[in-house]
Amino acid sequence: MVKTGDERTKQVAVGAGILLALALAVCSLLAGWRHLPGLLGEWVGFMVGVATTPFILEASFAILGLTVVLAINQWRRNRAGEEMVYLEQTDSPDKLPDHAKWAIYREPPLDGEIPTLRTQAEGALAIGDYESAAECFAAMSEAEMKLPESLELRLKLAQATGKTDLARHLESQLRLTNSGAK
């Protein structure tokens, strides 16, 4: 959102007003706590004395500043209302403004599909997630494991993980399966 000059002037004025109010409050407490009656005067005097000691002064102003920021934010959130965004639906794209017409889909999206275990294993191998690929193979049935496509993937997994004996065994099974299919 681009702020105009009037909005920035308003923000600076609000910030300056807050700083001025805090300065007046602190100065009036420092100068006027002696004029407060009874226990309230003593308590305010004690708090002013504690708040103006070294190290505590900085901490008290930091806490005061944080409190002011949180109060302003809460006031702004109450004024602005919910953070929910409601999207309007229109029946015809002609009613949309020009900058929003790009988001219209002429055709409905394709139905999602659940990938098979072999597809999941292939994807896991492609990204180097050998543990997930092994889990996919472990979840397959015996018939699925002996398919040529599955044997090829298992061979790639065995080669990638350095299991040479298993890789030789899978190569021989793959040769037998391919020669039997011809």
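Considering every residue within the range 21-35, establish whether at least one is more than 37 Å from the chain's Cα centre (by Cα) and in a loop (DSSP other than H, G, I, E, B).
So far as the range 21-35 goes, no, none of its residues is more than 37 Å from the chain's Cα centre (by Cα) and in a loop (DSSP other than H, G, I, E, B).
Could you please give the count of residues in the range 6-35 that are within 20 Å of Thr53 (Cβ to Cβ), touching a helix residue (DSSP H, G or I) at 6+ places or on another chain (Cβ under 8 Å) and free of Cβ contacts under 8 Å to residues at least 12 places away in the same chain?
Selection size over the range 6-35: 1.
Of all residues in the range 150-180, how many are under 23 Å from Thr116 (Cα atoms), surrounded by fewer than 14 Cβ atoms within 10 Å (Cβ to Cβ) and modelled with pLDDT under 90?
Adding up the residues that qualify gives 1.
Keeping to the range 113-143, report how many residues are surrounded by 15 or more Cβ atoms within 10 Å (Cβ to Cβ) and over 12 Å from Leu157 (Cα atoms).
Matching residues across the range 113-143 total 4.
Give the range 149-182 a look and list any residue that's over 21 Å from Ala124 (Cβ atoms) and either among the hydrophobic types (A, V, I, L, M, F, W, C) or not in a helix (DSSP H, G or I) (or both), or say none.
Answer for the range 149-182, where residues must be over 21 Å from Ala124 (Cβ atoms) and either among the hydrophobic types (A, V, I, L, M, F, W, C) or not in a helix (DSSP H, G or I) (or both): Leu176, Ala181, Lys182.
The values are calculated or read from the model by the stated rules, or taken from the named source; none is laboratory data. Just so we're clear, the structure is a prediction, and the values are computed from it rather than from any experiment. Virtual Cβ from ideal backbone geometry, glycine too; neighbours counted across all protein chains shown.
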